[in-house]
1. Could you tell me which residue of segment 213-239 is nearest to ligand 2 (Cβ to nearest atom), considering only residues that are crowded, with 24+ Cβ neighbours inside 10 Å and free of Cβ contacts under 8 Å to residues at least 60 places away in the same chain?
2. Test residue 232 against the stated conditions and say whether it is within 16 Å of ligand 1 (Cβ to nearest atom) and over 12 Å from the mean Cα position of the chain (by Cα).
3. Identify all residues within segment 514-544 that are in contact with a strand residue (DSSP E or B) (Cβ under 9 Å, 6 or more places away or on another chain), in a helix (DSSP H, G or I) and either of a type in the set (Lys, Arg) or surrounded by fewer than 17 Cβ atoms within 10 Å (Cβ to Cβ) (or both); write none if there are none.
4. For segment 385-495, which strands (runs of 3 or more DSSP E) that fit wholly inside it have 2 or more residues that are within 27 Å of residue 306 (Cα to Cα) and small (Gly, Ala, Ser)?
5. Output yes when any residue across segment 456-466 is away from ligand 2 (no atom under 16 Å from the Cβ), closer than 24 Å to residue 415 by Cβ and of a type outside the set (S, T, N, Q), and no when none is.
6. Just wondering, is there one or more residues in segment 245-266 that are in contact with a helix residue (DSSP H, G or I) (Cβ under 8 Å, 6 or more places away or on another chain), away from ligand 2 (no atom under 15 Å from the Cβ) and of a type in the set (Ser, Thr, Tyr)?
7. If residue 285 satisfies every condition in (1) of a type in the set (Asp, Glu); (2) within 13 Å of ligand 2 (Cβ to nearest atom); (3) in contact with a Pro (Cβ under 8 Å, 6 or more places away or on another chain) but one, which is the exception?
Amino acid sequence: MTEPRNSTTAPTSNPHLIQWVKEMAALCKPDRIVWCDGSEDEKTRLYEQAVAEGVIQELDQKKLPGCYYARSNPNDVARVEHLTFICTPTKDEAGPTNNWMAPDEAYRKLGGLFDGAMKGRTMYVVPYIMGPAGSEMSKVGIELTDSIYVVLNMRIMTRMGKIALDMLGDANTFNRGLHSTLDVNPERRYICHFPQDNTIWSIGSGYGGNVLLGKKCLALRIGSVLGRDEGWLAEHMLILGVESPEGQMTYVAAAFPSACGKTNFAMMIPPKRFNGWKIWTVGDDIAWMRVGPDGRLWAINPEAGYFGVAPGTSMQSNPNAMQTVLKDTIFTNVALTPDKGDVWWEGKDGPIPADLIDWQGRPWTNASPEKAAHPNSRFTAPARNNPCLSRFADDPQGVPISAIIFGGRRASTVPLVLQSFNWTHGVFLGATLGSETTAAATGKVGVVRRDPMAMLPFCGYNMGDYFAHWLKMQHKIANPPKIFMVNWFRQHNGKFLWPGFGENMRVLKWIVDRARVARGAQETIMGWVPRPGDLDLSGLDISDEQIHEATKIDYREWKTELESQAEFFDKLGDRMPRPLSLWREMLLARVAERL
Ligand code: TSX
Ligand code: MN
C-alpha cells in the first residue's frame, strides 16, 4: 500500500489545531497521520483502501453505483447509553438523566486506553462542518479517528475536508473529537463528552451513533449546551417544508422518539387527494434553531446525509428513501444477496428471498427463525440523493419554522393531533412526551417511556435546566411557532385507528392551517383538537366513529397519564421548572372536575 500523498503534512496553519493533533498523536501513537481534504481523489483512494482492508465490500456497481456493504462487530450494533457520559465539573450539571464522570477521572481513564491505541494504524484527521458552509449557525469539528469506516461515513454525513478548514481559519473554536475503535471490546468502551472543553472522546466502538462524532455527540449533546449558553436550540427534530399548490411554503420541525417513523415523515409523499401539494425535506434527525432578525425561529439541518434504520423502509413506507439509497450509499449490518451484489432487510419490497447471507455473514434461508438484517441495521446516504430534498437545505440562513410537532407512539390517551394553548403548554407537551416501547428497544412491549422532546439520551446537561431554557426562549421569539402533539399510533380493539404514512398529510395540513390561523378547532381541557369536519378526509375510507375514537379526549385515561407524568418530573427535583409542574397540576385538577 502506497502512503497517501497528503500524509503527515498539515494543510492548515491553525496553530491550535496543529498543536492539538500533535498532542493526540503523541498519546495514540499512530504509524501515520492522514489529513482528509474531502476531494473526489481522496474518496476513490479511501474506498479502494477500505475494500483492500476488508472493512467494506463493493456491491453490484451497475445496479447500485457507489454503494458498499459493511458489517460491524456483533457486540457493537447500537448506541450504548450506559457507557455514555457527560463529564461536567459537578454531577448536578449533568443531571439525574445522564451518566456522569468527573472530567479529570474521565481523561485519566480514557487517556490510559488511548495510550498507544493507534500503534500500527493510521490516524485520520477529519475536519467537518455541522451546518451549511458559511452559516453563522454552523460549527466546525475535527474528528481524529483510526477507522476508515468512520471517515467514509463522515464524508457522507457532514461537509468534510478542506471546506471545514477554510471555514475554521485560525480560530480555536473547533470541537475536539478523538476516536479509536481500540479492540472493540464492550469492557473498554466509553463515549465521554466534555462540554467545558468542547471535547468528545469515544473509544472501543465502531458503530455509527458512538463514533460519527458530529451527529449525536456534537450536534445534540455538546450542541444543546452551546444552545443553552448562546441562546438557541439544538433539537432531535426533523425539518420539512409543506408547499401548497399556490407555491406557499410552510416549515415545521418535529421531534419523535425512535421507532415512530421520523425519517418516513420527513420524506412523506402526499396522497392523491393532495394533488399539487409537496413535502420537501430539510433534515430527518437534527435541527439547530435560533431567533432571526424578524423574530421568527429559523432552523438549519447540521447534517448532510441520512443515517437511517433500514428494516421497515420500503416503497410503501418511504419511496423517497428507497430512491435515495440507490447510489453512493454505505449499508451496515443489513443482509446480502447470495451473489453479494445487493442488499436486503426485513420489510423491503417484494418477496422474501429464499437464500441470503445474514448480517453476521452466515448463510440464511427464509425458514430461519432469526432476522437476516440486524433490526438496527443502517444506510448512510447523501442528502443530495433525496428526490424531495429542499432547495433551502444548504441555505446558510436556514428556514423559518411555523410549527413544532411532538409525537410519540401511544396506543391510547393521546389524540391524533392536539394544539397547545400557548408556548408554556407546548413546552409541557414536549416535556411529557412519551412513547411505547416496541420489542426492538427493550423487550418490554407497550410500556410508556418518557422521552422529553425525544432528547432523553441526547441532552448534554441537566434536563430541568433544559426545560427552563425552552421556557426562556419564548421571551426571545417575537413570532414563535405554534406547538402541536401528534399520535399516529392510537388503537381501538387492537387496530390502528389512523392509516398513517402519506395520509398524515391531512393532519399536517390542519397543523399548517392552524399555524397560519385559518382552520377550525375546538378547545378541550388538554388543548385544541380538530372538530368533525375540520380535517380534510375526502377520499379516505374512514368512519366517523373511527375519527371520533382517534381524536377524542378521555378524562379517565388523562387522569392516569397526568399522574404518571409526575414520576419523571419528580426525578428532576428542584431543577424542575415550576410552571411545568403547575401546568400538570392544573390539568389534573381540571380533569378531576369532569370525573
Ligand atoms: O413511519 C410510520 N408513520 C409515519 C409516516 C410518515 N409508521 C411506521 C413506524 C415504524 C417506523 C407508521 N406505522 C405510521 C406512520 O404514520 N403509522 C403506523 C401504524 C400503521 C401500520 C400499518 C397500517 C396502518 C397504520 N396499515 C394499514 O392500515 C393497512
Ligand atoms: Mn435520531
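The values are calculated or read from the model by the stated rules, or taken from the named source; none is laboratory data. Remember, it's a predicted structure, so these values are computed and weren't measured experimentally. Cβ sites come from the backbone with ideal geometry, for glycine too, and all protein chains shown count toward neighbours.
1. 238
2. No, not satisfied.
3. 514
4. On the way: elements: 399-407, 417-419, 434-436, 448-450, 482-486.
Qualifying strands (runs of 3 or more DSSP E): 399-407, 434-436.
5. Scanning segment 456-466 turns up no residue that is away from ligand 2 (no atom under 16 Å from the Cβ), closer than 24 Å to residue 415 by Cβ and of a type outside the set (S, T, N, Q).
6. There is at least one residue in segment 245-266 that is in contact with a helix residue (DSSP H, G or I) (Cβ under 8 Å, 6 or more places away or on another chain), away from ligand 2 (no atom under 15 Å from the Cβ) and of a type in the set (Ser, Thr, Tyr).
7. (3)
To keep it simple, each residue is scored yes or no on (1) touching a Cys at 6+ places or on another chain (Cβ under 6 Å); (2) surrounded by 18 or more Cβ atoms within 10 Å (Cβ to Cβ); (3) under 30 Å from residue 291 (Cα atoms).
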position	(1), (2), (3)
348	no, yes, no
361	no, no, no
365	no, no, no
368	no, no, no
374	no, yes, no
384	no, no, yes
388	no, yes, yes
396	no, no, yes
401	no, yes, yes
